[in-house]
Amino acid sequence: MGSSSVYYVGCGVCCLAMYLLNKSGLTTSIVADKEAAVKAIVNSPFLTGASMYQPPQSNTISFTDSNGTKRTVTISFSKTTDVSAEVLNGKIGFLRTISSNGGSHFVLVDGIDSNSQPSTSDPDNFKKHLVVDPADGTSKTLYDAIRYSLGSKMTPTLSNINPTWRCVFN
């Protein structure tokens, strides 16, 4: 376990970088583009004292892609109580999951599985929220992302979503 800023906020930085690449029109697997996006986030006002304890304010971020093209994107957030409705309206959610032992993890919510129904094993219907998880680079449900990052024996509930971090990108 490291003590660097990336160790503590790496998933948040990766989520912001993924969003930055998407909004700039890059759906690339080119490592240089990913590195440029991460560096742009790390060097931006998003990380105040290397902290992501509060959602960042709107910021314009620029980076140069692997073809030498300068890309500029304004990233802004708003808090929401209904991530599902926002995602259905075409927005991407940005959530911070939390566990009872204080651990946390950031994910992007980018889709809804309309066939998913609440069940006793998933009372808050987290299995309907489709996320991109920087922990392992895969798409999965919010339910599985919480269990993957915070403990596979957990049954995720709303208490595992930090209310300060129920945000969507505008």
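The values are calculated or read from the model by the stated rules, or taken from the named source; none is laboratory data. Keep in mind it's a predicted model, so treat the numbers as computed, not measured. For neighbour counting, all protein chains shown are included, and Cβ atoms are generated from backbone atoms with ideal geometry for every residue, glycine included.
Select from the stretch 113-156 the residues that are in a strand (DSSP E or B) and farther than 24 Å from Val38 by Cβ and list them in ascending order. Working first, answer last.
Just the residues of the stretch 113-156 that are in a strand (DSSP E or B), to begin with: 119, 122, 129-133, 138-141.
Ser119, Asp122, His129, Thr141 - these are the residues of the stretch 113-156 that are in a strand (DSSP E or B) and farther than 24 Å from Val38 by Cβ.
Considering only residues that are in contact with a helix residue (DSSP H, G or I) (Cβ under 7 Å, 6 or more places away or on another chain) and more than 20 Å from Phe77 (Cα to Cα), look in the stretch 151-167 and name the one that is surrounded by the fewest Cβ atoms within 10 Å (Cβ to Cβ). I'd like the intermediate steps shown before the answer.
First, the residues of the stretch 151-167 that are in contact with a helix residue (DSSP H, G or I) (Cβ under 7 Å, 6 or more places away or on another chain): 154, 156, 160, 166.
The next check asks that each one be more than 20 Å from Phe77 (Cα to Cα); those that pass are 154, 156, 160.
Details: Met154: 15, Pro156: 24, Asn160: 24.
Among residues in the stretch 151-167 that are in contact with a helix residue (DSSP H, G or I) (Cβ under 7 Å, 6 or more places away or on another chain) and more than 20 Å from Phe77 (Cα to Cα), the one surrounded by the fewest Cβ atoms within 10 Å (Cβ to Cβ) is Met154.
Output the qualifying pairs, or none if there are none: Cβ atoms under 7 angstrom, residues six or more apart or on different chains, first residue in the stretch 92-107 and farther than 10 Å from Ser149 by Cβ, second residue among the β-branched types (Val, Ile, Thr) and at pLDDT 85 or above.
Partner pairs satisfying both residue conditions: Ile92/Val109; Gly93/Val87; Gly93/Val109; Leu95/Val107; Leu95/Val109.
Scan the stretch 118-140 and give yes if some residue there is farther than 16 Å from Glu86 by Cβ, in contact with a Cys (Cβ under 7 Å, 6 or more places away or on another chain) and either surrounded by fewer than 22 Cβ atoms within 10 Å (Cβ to Cβ) or assigned by TED's automatic domain parsing to the domain that holds Tyr19 (or both), otherwise no.
Yes, the stretch 118-140 has at least one match.
Being surrounded by 12 or more Cβ atoms within 10 Å (Cβ to Cβ), modelled with pLDDT of 85 or more and within 14 Å of the chain's Cα centre (by Cα) is the requirement here; does Val73 meet it?
Values: surrounded by 12 or more Cβ atoms within 10 Å (Cβ to Cβ): yes; modelled with pLDDT of 85 or more: yes; within 14 Å of the chain's Cα centre (by Cα): no.
For Val73, the condition - surrounded by 12 or more Cβ atoms within 10 Å (Cβ to Cβ), modelled with pLDDT of 85 or more and within 14 Å of the chain's Cα centre (by Cα) - is not met.
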